[in-house]
1. Would you confirm, using the coordinates I've provided, whether F74 is over 15 Å from the mean Cα position of the chain (by Cα) and not polar (S, T, N, Q)?
2. Can you say whether F74 is surrounded by 11 or more Cβ atoms within 10 Å (Cβ to Cβ), within 23 Å of G31 (Cα to Cα) and at pLDDT below 95, as far as the supplied structure shows?
3. Checking the condition under 29 Å from V32 (Cβ atoms) and touching a residue at least 40 places away in the same chain (Cβ under 8 Å), which residue from F73, F68 passes?
Amino acid sequence: MHEHAIEDGADAGAHSVAEAKKHMRTYAIIGVALMIGTGLTVWAAFINFGSREINIIAALVIACTKGFLVAGFFMHLISEKKLIYALLVCTVFFATGLMYLTLLSMNHESIIHIQ
């Protein structure tokens, strides 16, 4: 009876068992990559790369890579349509702008602090 349910589900547009195994393998590989990325994040937190800016850049590169893996594979953005990519680009644009404003506000000689 269970096999009939799988076959009926395959006719309704569901994944076959082979496709499901392929997706599970991909998710496992991405999960391992994310664990390695987390390990790199912890390792990079204890390393002094010479300046604060380089440390921040290293942390952001690791975080962006992990974010791409999560968004691309777990949220299926790699296989989605142009509208989702446009929304992702807008999100990155505004997040970058907010990051810039945050960094600008840390400089006490910036236009934000001039009275």
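1. For F74, the condition - over 15 Å from the mean Cα position of the chain (by Cα) and not polar (S, T, N, Q) - is not met.
2. Considered against the rule, which asks whether it is surrounded by 11 or more Cβ atoms within 10 Å (Cβ to Cβ), within 23 Å of G31 (Cα to Cα) and at pLDDT below 95, F74 comes out as yes.
3. F73
The values are calculated or read from the model by the stated rules, or taken from the named source; none is laboratory data. All figures in this text were calculated on a predicted structure; none of them were measured in a lab. Here Cβ is always computed from backbone atoms with ideal geometry, including for glycine, and neighbour counts include all displayed protein chains.
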